[in-house]
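All remarks here apply to the structure that follows.
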Amino acid sequence: MLPVRQTKRVFYSAGVFTPARKRRRCVSSSISPAPETNTGPNLLDSIPDDLVVSILCKLASTSRCPADFISVSMTCKRLNTLATCPYVLSRLSRKAIAIKAQNWSESAHRFLKRSADAGSLEACYTLGMIRFYCLQNRGNGASLMAKAAINSHAPALYSLAVIQFNGSGGSKNDKDLRAGVALCARAAFLGHVDALRELGHCLQDGYGVPRNVSEGRRFLVQANARELAAVLSSGIEACSWLTLSQPQTHGCPLLSDFGCNVPAPETHPANRFLADWFALRGGDSPGDGLRLCSHGGCGRPEIRKHEFRRCSVCGVVNYCSRACQALDWKLRHKMDCAPAEQGAAGDGEGNVQIEGNVDGDNVPVVPMS
C-alpha cells in the first residue's frame, strides 16, 4: 500500500479545514538588487556632422575601389545620408568610381550620375566615356567629357582630342584637326603622357599644325621622361626593370633600345571599362564591320566604318590615335609586325605608316618615341 501524502491543514472551530498558505520567502535587506545597465547614446551620434563629412571626404579621395566607399555609406542611415551629399561625392577618386563592366547596372549608373552632378570630374569623364562609346548617347557623353575638360581634366581633354581627330560620332568631314591639336596641347601642358606623345607626332608629321620636327621630338622625350618618372615614383626596384637584355613582349620597354623593360602604365578605369564592355559583347568587333583600337589599354571602338587608321606594313592592327600606336608598338607590335606583301615595308628603321580611311588618308607615324 502506497503511503498517503499528508498535507498540513488548519482546523477551525466549525470543523472546516483549509490548506495552509505557504510562507513567503523573505530576501535579506542586506542584498541590494542588481542595478539596471544604461549603455547611453551611440558614440557616432555624438560626433558633429562636419567632422563626419570631413572623414568621409578623406575616405572618398583615398578609396581603392568602389566597395570601400559604398560599404561605409551603407553602415547606418546617418552615414548613408552624409556620404551621398554633393560635397563628399565631389571628392571621389579615380579608383572609387572604377566600376567594372560586368557589374554594370542601373544602380551603378545612378551612382555615377549623382557623382557627376555633384561635381566629380572623374565621374563626369568616366560616365561620359561610357555613354559616348558604350550606351551610344553621343551628345550627352561628349557634354559630360566637355564638363570635365573645362575644369582642366587632362584625360577628358585628350579624349575629346581623339574624337576631333577621328570625327567620331559624325562623318569624315566632321574631323577638326586644329581643334584636336589645341585640346592635345592643353592636356600636354597638364602633363598627360598620351597627349604629349600625340602632340609630338602631330608636330613631326605636320598633322593639323605646321611641321616642326625638333619641337615634336622634344615632346616625345618629355613623354618618355614622365613615364620613367612614374615608374620610379611607384617604388618599383630598378633591378626589376633595368635589365640589359633583349626586350620582353610584356611590359612597356620604354628604353628598349638600351635593354630596359619598364612596366606598362596603369590603364584608366574608363578605358578598362570600355575594353571589358566590348569583350563581354563579342570580343574584338563592337558591331558590323567596326573595329576596336588594337592597343589593349585603350578600348575605344569605331563609331563608323574605317574610322581608325591601320598599319600599312602588316595591315592587321588599327589604332584610334598615334599615341596608342606608338605605345602598342613598344608593348607588342614591334615583335609581331611583318609585311603583308614583299613590297610593303617601313622606312628601314622600324617606322610604320598608319593608313587612314579608305580614300587614302595616310598619316606617317614614328612608333619609337
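The values are calculated or read from the model by the stated rules, or taken from the named source; none is laboratory data. Predicted, not measured: the structure shown is a model, and the values here were computed from it. Positions of Cβ are backbone-derived with ideal geometry, glycine not excepted, and every protein chain shown enters the neighbour counts.
Taking the conditions (1) of a type in the set (Asp, Glu); (2) at pLDDT below 85; (3) within 50 Å of the chain's Cα centre (by Cα) in turn, residue 36 satisfies each one other than (3).
Only one of 143, 214, 120 is touching a Ser or Thr at 6+ places or on another chain (Cβ under 6 Å), without any contact (Cβ under 8 Å) to a residue 40 or more places away in the chain and of a type outside the set (Phe, Trp, Tyr); which? Steps first, please.
Details: 143 fails: touching a Ser or Thr at 6+ places or on another chain (Cβ under 6 Å); 214 fails: touching a Ser or Thr at 6+ places or on another chain (Cβ under 6 Å).
Selected residue: 120, the only one of 143, 214, 120 that is touching a Ser or Thr at 6+ places or on another chain (Cβ under 6 Å), without any contact (Cβ under 8 Å) to a residue 40 or more places away in the chain and of a type outside the set (Phe, Trp, Tyr).
In the stretch 114-134, the qualifying residues are those that are part of a helix (DSSP H, G or I) and among the small types (Gly, Ala, Ser), and the one that is nearest to residue 87 (Cα to Cα) is 118. Among the polar types (S, T, N, Q), part of a helix (DSSP H, G or I) and more than 23 Å from the chain's Cα centre (by Cα): does that describe residue 204? Here the answer is yes, as residue 204 does meet what is asked.
Being modelled with pLDDT of 65 or more, touching a Pro at 6+ places or on another chain (Cβ under 9 Å) and of a type outside the set (Gly, Ala, Ser) is the requirement here; does residue 193 meet it? Yes; evaluated as a whole, the condition is true for this residue.
Search the stretch 299-328 for residues being among the polar types (S, T, N, Q) and without any contact (Cβ under 8 Å) to a residue 60 or more places away in the chain, and hand back the single one that is farthest from residue 184 (Cα to Cα). Write out each step before concluding.
Within the stretch 299-328, the first condition is being among the polar types (S, T, N, Q), and the residues that meet it are 312, 318, 321, 325.
Right, trim to without any contact (Cβ under 8 Å) to a residue 60 or more places away in the chain and you get 312, 318, 325.
Values: 312: 25, 318: 21, 325: 16 Å.
Restricting to residues being among the polar types (S, T, N, Q) and without any contact (Cβ under 8 Å) to a residue 60 or more places away in the chain, the top hit is 312.
Identify the residue in the stretch 152-181 that is hydroxyl-bearing (Ser, Thr, Tyr) and in a helix (DSSP H, G or I) and, among all such residues, is nearest to residue 124 (Cα to Cα).
Initial filter on the stretch 152-181 (hydroxyl-bearing (Ser, Thr, Tyr)): 152, 158-159, 168, 171.
Still in the list and also in a helix (DSSP H, G or I): 158-159.
On the way: 158: 14, 159: 13 Å.
Filtering first and then ranking leaves 159.
Condition check ((1) touching a Leu at 6+ places or on another chain (Cβ under 7 Å); (2) modelled with pLDDT under 90; (3) farther than 20 Å from residue 144 by Cβ; (4) surrounded by 16 or more Cβ atoms within 10 Å (Cβ to Cβ)) across all residues:
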site	(1), (2), (3), (4)
62	no, no, yes, no
73	yes, yes, yes, yes
82	yes, no, yes, yes
89	no, no, no, yes
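The residue that is surrounded by the fewest Cβ atoms within 10 Å (Cβ to Cβ), counting only those in the stretch 45-60 that are of a type in the set (A, V, I, L, M, F, W, C) and farther than 12 Å from residue 95 by Cα, is 51.
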